[in-house]
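Below: one structure, written as structure tokens.
The values are calculated or read from the model by the stated rules, or taken from the named source; none is laboratory data. Only a predicted model underlies this, so the values are computations on that prediction, with no experimental measurement involved. Using ideal geometry, Cβ is built from the backbone for each residue, glycine included, and neighbour counts are taken over all protein chains shown. Side chains included, ligands, DNA and RNA excluded: accessible areas come from the protein's heavy atoms. Shrake-Rupley method; radii C 1.70, N 1.55, O 1.52, S 1.80 Å.
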Amino acid sequence: MKIAILPGDGIGTEIVDQAVNVLNALGEKFELETAPVGGAGYAAHGHPLPEGTLKLAKEADAILFGAVGDWQYDNLERSLRPEQAILGLRKHLGLFANLRPAILYPELANASTLKPEVVSGLDILIIRELTGDVYFGQPRGVRTAPDGAFKGEREGFDTMRYAEPEIRRIAHVAFQAAQKRDKRLTSVDKANVLETFQFWRDIVTEVHQEYPDVALDHMYIDNAAMQLVRAPKKFDVIVTGNMFGDILSDQAAMLTGSIGMLPSASLDANNKGLYEPSHGSAPDIAGKNIANPLATILSAAMMLRFSLNKAEQADRIDNAVKKVLAQGLRTADIYEAGTTKVGTIEMGAAVVKALG
Ligand code: IPM
Ligand code: MN
């Protein structure tokens, strides 16, 4: 089994190193091949998603991704900016289903900014559509307004659109995920204002007929954002579009205290996937051995489960992470009095040791 390792920028290298150590400690025969991506791709080959990196990602069975983005590349033209690497991989590989679990580990109940009783036991799954919506809709750009009250003035514009098959396939993923959990699905939209999302609601309602065992409800994005901090445990699975999912998943992550704990999977129709931590490249703390590698290590576990058919090994990693948390080991982002502060490398090594 071939795994493409794409560390990227900022803390990407450090955290992916630790996840690779964990993978190597499992005693499986994985072929790991590393390639530069994001700012690192631009520095090495003049493009955030170099041809060789894309080729490797296409031929691999799964991709372990760190994070992209660094201030030094912020002034490049948009097509050369690090973010284009992850957007390009999603689009080129058809990774339309983004699974972002938000789980609160009992040991971290105090790390959340919300009251422990509001978040303790939290276990929700956000499913974000990842290759459509205003993120990819054409046309887009800056132009002279052809009409309207500001005709003749310069304007920026993007296009929000969703085709029926795009909505159907993400709805199927969401209903099937709900079937394996508490059988409750909330579809988040803005059907009261946007044509695209009235259409989304109609199609999700149609697909629901195939999953009568799942309870479906619809919620507007603004209300969903409110309910997510008011009573987050009322949710089980949430499905939504690319843009709303981007925002809601960061918000959900923070309910758990640290975005440094949350993995994610981006899957195509055949469960080939890209696995990455939900957090970004955090260039301000890069190279200091303080970043939390657990989100990336847990992403490697998701990779074993969803793309490589190695659920037992995935369980080993998940259990090892629970063990190091129970031992009181904490990186700076989840540190609190009475626990032991450790660095990125030490945390990774502790997980390797806890694999047993
Ligand atoms: C994410 C990130 C990306 C997104 C950026 C880096 C393009 O915020 O994965 O959530 O907006 O999708
Ligand atoms: Mn985001």
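Tell me, in nm to one decimal, what length is gained between K323 and Q251 on full extension, where the rule is 0.36 nm per residue of separation less the Cα-Cα distance? That pair, K323 and Q251, stretches by 23.3 nm at full extension.
For the chain, the solvent-accessible area works out to 44 Å² per residue, with a probe of 1.4 Å and every protein chain left in place. So which trypsin sites (Lys or Arg not before Pro) in the stretch 145-189 are both in a DSSP loop and have at most 12 other Cβ atoms within 10 Å of their Cβ? For trypsin sites (Lys or Arg not before Pro) across the stretch 145-189 that sit outside H, G, I, E and B with at most 12 neighbouring Cβ atoms in 10 Å, the list reads K151, K180. Across the chain, the mean sequence separation of Cα contacts (distance under 8 Å, 6 or more residues apart), normalised by length, yields a relative contact order of 22 percent. Spatial offset of the stretch 292-313 relative to the stretch 80-145 amounts to 18 Å, using the alpha carbon center of each. Secondary structure note: in the chain, about 40% of the DSSP beta bridges are antiparallel.
When you count the other C-beta atoms within 10 angstrom of each residue and take the mean per peptide, 65-78, 90-103 line up highest first as 90-103, 65-78.
For F96, what is the net charge nearby, where nearby means another residue's Cβ is under 9 Å from its Cβ and Lys, Arg count +1, Asp, Glu -1? Cβ neighbours under 9 Å give a net charge of -1.
If you stretched the chain out fully between A332 and H172, how much longer would it get, using 0.36 nm times the residue separation minus the C-alpha to C-alpha distance? Kindly include the intermediate steps, with their values, before the conclusion.
Details: separation 160, 0.36 × 160 = 57.60 nm, distance 3.89 nm.
Taking 0.36 nm per residue and subtracting the Cα distance, the gain is 53.7 nm.
The stretch 153-225 and the stretch 41-68 have Cα centres separated by 31 Å.
Using the Cβ-Cβ distance between K58 and K353 with R0 set to 30 Å, the FRET efficiency from 1/(1 + (r/R0)^6) comes to roughly 0.30. As a fraction of the 1.4 Å probe accessible area of the chain, surface on carbon and sulfur atoms comes out at 51 percent.
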